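Read the structure below first, then the notes.
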Amino acid sequence: MRLLTVLWKNVSLENIPRQVDFYSKFSPSPLSMKQFLDFGSENACEKASFLFLRQELPVRLANIMKEISLLPDNLLKTTSVQLVQSWYMQSLQDILEFKEKDSDNPETVRNFTDTLITVRNRHNDVVPTMAQGVIEYRDCFGVDPVTSQNVQYFLDRFYMSRISIRMLLNQHTLLFGEKVEANPAHPKQIGSIDPNCNVVEVIEDAYENAKRLCDLYYMSSPNLEIEESNAKSRGQPVQVVYVPSHLYHMVFELFKNSMRATMENHLDKNDHPPVRVNVTLGNEDLTVKISDRGGGVPLRKVDLLFNYMYSTAPYPRVENARAAPLAGFGYGLPISRLYARYFQGDLKLYTLEGYGMDALIYIKALSTDSVERLPVYNKSAWKHYKMNHEADDWCVPSSEPKDMTTFRS
């Protein structure tokens with residue numbers, strides 16, 4: 001019986017490329033924060049969620065799996081990338097097993113929820129594993145500008161897809177999974193969404209945890225100064241419909257960077273400049289500005305801070321990646337920007353070299369405006385990987401002066 005099960009799974013996995021081709025022809029269906037909220041609070045029906053996810057999850061998985069197949073052959077051959085591919089193939093197969101099953105059968109719906117928990121856990125280490133694959137490829141083959149640009153393009157889309165898939169998985173499993181306890185910090189959460197997310201409380205929580213890390217490394221840390229302004233309801237705390245864990249991820253990463261820069265720029269001083277935070281809620285945007293006096297960086301390096309192949313710290317071992325999340329991979333800032341952009345916001349850095357850095361997080365103030373930003377596999381995406389990038393149509397200054405004796409008219 002066990003042998004038959006193994007053989008059946010192998011046959012099923014052989015059909016995955018055909019399934020990927022089929023489902024990648026459909027575009028993902030982006031949801032707004034309001035849709036997430038309305039479904040969870042008013043119409044929380046496990047059957048309805050089952051019917052939506054068994055169709056939507058294969059589409060999102062297949063779209064990004066098609067893009068994985070367009071990566072350079074030598075990158076695809078790395079052990080880490082092959083492992084990630086196998087996780088996606090298995091997860092797609094697991095979900096497709098429910099394609100024809102009876103949605104009126106409570107056991108089927110319960111089994112689907114259990115499967116989603118398995119899929120979610122299987123993908124826990126996707127970020128560091130893919131990062132390890134990119135490092136293996138770079139160390140063995142080097143990276144030319146075109147490949148670097150393509151890898152940057154792919155990883156932005158790959159990790160955004162992962163954020164969106166985990167959002168769907170978390171909403172379903174938190175709403176309908178068994179033995180799910182309310183989060184004491186956010187007791188009124190609907191799945192992973194807090195309809196009244198207190199922004200300052202999340203920021204203070206992130207600061208305390210970043211401070212703990214800073215104290216471990218430097219035996220001291222900068223203080224925090226927060227200023228809050230609510231233009232919509234004067235004198236009231238700034239609250240927004242949002243995913244607290246996403247906001248926490250962004251500000252925690254920015255605090256780590258600000259504290260590290262501040263401490264290293266003021267090592268010879270006993271009193272370190274504070275990290276200042278301004279939280280402002282307007283009619284359309286919620287803005288969080290984090291300012292430090294860590295010396296800043298040259299303007300030419302700002303874009304590099306969002307490059308997956310750039311890091312100012314040594315690369316960690318994958319098995320230790322969870323000790324300090326993504327420390328050294330250089331993925332903290334680019335993935336934080338993806339979290340901001342996921343619901344149509346953004347994350348921007350402004351540098352004052354010799355003084356410090358301002359980091360601004362923009363979040364949509366209205367839940368109707370917070371709509372998922374999802375990658376779609378189509379002809380435009382395919383062309384991006386396949387076309388030869390032409391030379392820049394602006395002069396690029398050379399690091400060496402031109403030898404005019406060799407110039408021909």
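Each value in this text was obtained by applying a stated rule to the coordinates, not by laboratory testing. The structure displayed is predicted, hence computed values, not measured ones.
Under 8 Å for C-alpha pairs, at least 6 residues apart: give me the relative contact order for region 38-169, rounded to a whole percent. Walk me through the numbers on the way to the answer.
Details: 76 pairs, mean separation 47.3, N = 132.
Taking the mean separation of contacting Cα pairs over the length of region 38-169, I get 36 percent.
For region 83-184, take the alpha-carbon Rg, divide it by the Kirkwood Rh, and send me Rg/Rh.
Rg/Rh: 1.09.
Would you please give the residues with an amide H less than 5 Å from that of Lys364, counting only those at least 5 places away or on a separate chain, with H modeled from the backbone geometry?
Close amide H contacts, sequence-distant or interchain: Leu286, Gly345.
Using only the alpha carbon atoms of region 1-150, find the Kirkwood hydrodynamic radius as the inverse mean reciprocal pair distance, in angstroms to one decimal.
Hydrodynamic radius (Kirkwood, Cα only) of region 1-150 equals 17.5 Å.
If you average the sequence gap of Cα pairs under 8 Å that are 6 or more apart and divide by the length of region 36-112, what percent do you get for the contact order? The partial results should precede the final answer.
Working: 35 pairs, mean separation 31.5, N = 77.
This gives 41 percent for region 36-112.
So which of Lys66/Lys99; Lys77/Lys101; Lys269/Lys289; Lys269/Lys301; Lys256/Lys386; Lys188/Lys232 end up more than 32 Å apart by C-alpha?
Correct reply: Lys77/Lys101; Lys256/Lys386.
With an 8 Å cut-off on Cα pairs and a minimum separation of 6 or more residues, tell me the relative contact order of region 246-315 in percent.
Here the relative contact order equals 28 percent.
Under a 5 Å amide H to amide H cut-off, with H placed in plane at 1.01 Å, what residues pair with Ser32 once short-range neighbours are removed?
Excluding prolines and chain starts, which carry no amide H, the hits are Glu372.
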